[in-house]
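Chemist: Next up is a structure, given as structure tokens.
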Amino acid sequence: MRKYIYQKTQAMVSGISCAMLLLAACLLTGCVNDDGSYDYHELGEISFENIPELTEVIAHADYIKISPRFVSSTEGEIKPGDPNWTVQYRIGPKGMGVMGYNEETGEREVFRDITPKSGFDLDILADFPTGMYLLWITLTDNRNGSVFSKQYDISVSSATYEGWLVLCNEGSEERARLDMISKLPGNRIQAVHDVCEGLPTLYHATCINAWPQGANPGDHINLFTQDGSFNLNAETLATEEALEFNGMFFVSNPGETIIKEQVFPASAYDWQVKYKLCFDNKGNAYIKDDTGSGAAYAWAVNTSHEGTTPEFQVAPVCGFSHVRPWSGAYGHYVLYYDITNKQFRLYDGIDARQQLNAIPEPGASDVNLFSYKTGKDFVYMEGTRRSNGLVYTILQDPSSGKRSIYGINLGGSSYAQELYIAEVNAPNFEQATEFAFDNRFPLLFYAVGNKIYCYNLGTLQTKEIATGMGADETITKMKFNLYNCTDYSILSNQSEEFMNQQYRLVVCTSNGDLTSGGKVIFFDVDGVNNNATRAEEYTGFGKIVDIIYRERTID
């Protein structure tokens, strides 16, 4: 049946009589020729062309791009810019669900209407949750109000399944922002930004922590700032008020902001870790033995008597063995540094005691390189897998400003002194702000401004690395990213390339643009020649404060 529009031309016909005449005409003649009381105009048919039935995109990474072609059976192709026609798009969930949260209106979006800025094309970022969506395309004839519409499907997949989690501070106010270097289908790698939905506006980000856990409750991802900390949904990276860290993981809220968490991935069970260890912004440390069901953080452990008021403050970092796969033969020890009394302390893990002990000085038969009571200021600590669990610590003499390197081995169910460099003589070492100890070679990489140096812990020789960085770049974070998985045999990717990724030097820089001037640069380390070579880089980040690879295990 053809479509028509009519106009009234005989004023004497009343509305009721008009309707009756029309009904009679339709019954008798099939809605064709009238007696001349109405002027009919054929609308014609409109075809929608050049539009895929299904558009597949990655959330927060891809743009939904549609360039439709509309053809009228009576007027021919409708060209973009034709004032007689208007195109409107509407996107909404296919089934139950919402588009997201509209910060301007304070309401949840059931659907989203989009008017093209020019012409007919749709070009918008897929910045809404993963799932299936309906796309309505509506073409309106502005001359008479006729509307033509068709529906299409949009599939929005996750860009957060696997890859590098990049925690940034954005702008001069340092708003906490989570970005990602995502590993996508088809060997595609792409940087996506501001991926954490539902995160309150927080400032001064400090730490991002992630680890795989094969059994209930599954993988964990926690984000920390000086304003507050949250657990993230492991699949969507979304969060909400109910996922506030202190309320979820403490027996009772400690009343302080947790700014960092470390995972000691050492358990007899490949879906668990041995300890979780966290630090608040007041110098307190907490330990959770995660091998028991229902475990939670309790009281601070920076005390010599369990359950008592903290007696000293500790640096917000600890060291332990990173050997994989782990077993009880590698010990349960965790090393801390008491910044109040300027000495090393040890968590021994005996009966899950919640206290830190002073380390006895070496006996006559022990290796005796230094006193555990150093009297020096804390600079840096990092656990590695060298020598089955060597923990490096950098301390600074408060009087001379000179820095020392201490090596304490926590492997083999014991602790022992292994390395001591009383005074490091290396270019600009006293001014270094970022450090990374290699896990395969006796090498320390340290950064000053936009320069990286490689210091050999055996020969005590230093070499400046050719980084290719600009004069306006500053290194904000540097590390080796050892995987947290307790047993590498359950990783979903066990290729040589993937396993070697944890031995690359990860360097994060900022050029002063605190919104999109941050870079993540990977260097391949040459342990024979004490060198590192720039490999690839990713851009568009804020000022990066932390980075970790989000691992996936075999389902």
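Yes/no per residue for (1) part of a helix (DSSP H, G or I); (2) out of contact with any strand residue (DSSP E or B) (no Cβ under 6 Å at 6 or more places or on another chain); (3) at pLDDT below 95; (4) open to solvent by 50 Å² or more (accessible area, probe 1.4 Å):
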site	(1), (2), (3), (4)
485	no, no, yes, no
494	no, yes, yes, yes
497	yes, yes, yes, yes
507	no, no, no, no
515	no, no, no, yes
521	no, no, no, no
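Chemist: I need the full set of residues from region 523-542 which are open to solvent by less than 10 Å² (accessible area, probe 1.4 Å) and part of a strand (DSSP E or B), in order please.
Modeler: Those that are open to solvent by less than 10 Å² (accessible area, probe 1.4 Å) and part of a strand (DSSP E or B): 523, 532, 541.
Chemist: Of all strands (runs of 3 or more DSSP E) completely enclosed by region 311-427, which ones contain at least 2 residues that are free of Cβ contacts under 8 Å to residues at least 60 places away in the same chain, among the hydrophobic types (A, V, I, L, M, F, W, C) and open to solvent by less than 30 Å² (accessible area, probe 1.4 Å)?
Modeler: 390-396
Chemist: When residue 162 is evaluated against the numbered criteria (1) in contact with a Lys or Arg (Cβ under 8 Å, 6 or more places away or on another chain); (2) open to solvent by 30 Å² or more (accessible area, probe 1.4 Å); (3) of a type outside the set (Gly, Ala, Ser); (4) within 28 Å of residue 94 (Cβ to Cβ), which criterion, by number, is the only one it fails?
Modeler: Status for residue 162: all satisfied but (2).
Chemist: Next question. When you go through (1) surrounded by 15 or more Cβ atoms within 10 Å (Cβ to Cβ); (2) part of a strand (DSSP E or B) one by one for residue 149, which number turns out not to apply?
Modeler: The number of the failed condition is (1).
Chemist: From the list 89, 101, 133, which residue is in a strand (DSSP E or B) and modelled with pLDDT of 95 or more?
Modeler: 89
Chemist: If you check residue 224 against the conditions, is it at pLDDT 95 or above, among the aromatic types (Phe, Trp, Tyr) and in contact with a helix residue (DSSP H, G or I) (Cβ under 7 Å, 6 or more places away or on another chain)?
Modeler: No: the conditions fail for residue 224.
Chemist: Based on this model, can you work out whether residue 182 counts as among the small types (Gly, Ala, Ser) and open to solvent by 10 Å² or more (accessible area, probe 1.4 Å)?
Modeler: No: the conditions fail for residue 182.
Chemist: Can you go through 169, 144 and tell me which one is in contact (Cβ under 8 Å) with a residue 12 or more places away in the chain, farther than 20 Å from residue 57 by Cα and open to solvent by 40 Å² or more (accessible area, probe 1.4 Å)?
Modeler: One residue alone meets the criteria, 144.
Chemist: Of all the residues that make up region 450-483, how many are among the charged types (D, E, K, R), surrounded by fewer than 18 Cβ atoms within 10 Å (Cβ to Cβ) and assigned to a loop (DSSP other than H, G, I, E, B)?
Modeler: Summing the residues that are among the charged types (D, E, K, R), surrounded by fewer than 18 Cβ atoms within 10 Å (Cβ to Cβ) and assigned to a loop (DSSP other than H, G, I, E, B) in region 450-483 gives 1.
The values are calculated or read from the model by the stated rules, or taken from the named source; none is laboratory data. Only a predicted model underlies this, so the values are computations on that prediction, with no experimental measurement involved. For neighbour counting, all protein chains shown are included, and Cβ atoms are generated from backbone atoms with ideal geometry for every residue, glycine included. The area values use the complete protein model at the heavy-atom level, side chains included, leaving out ligands, DNA and RNA. Shrake-Rupley method; radii C 1.70, N 1.55, O 1.52, S 1.80 Å.
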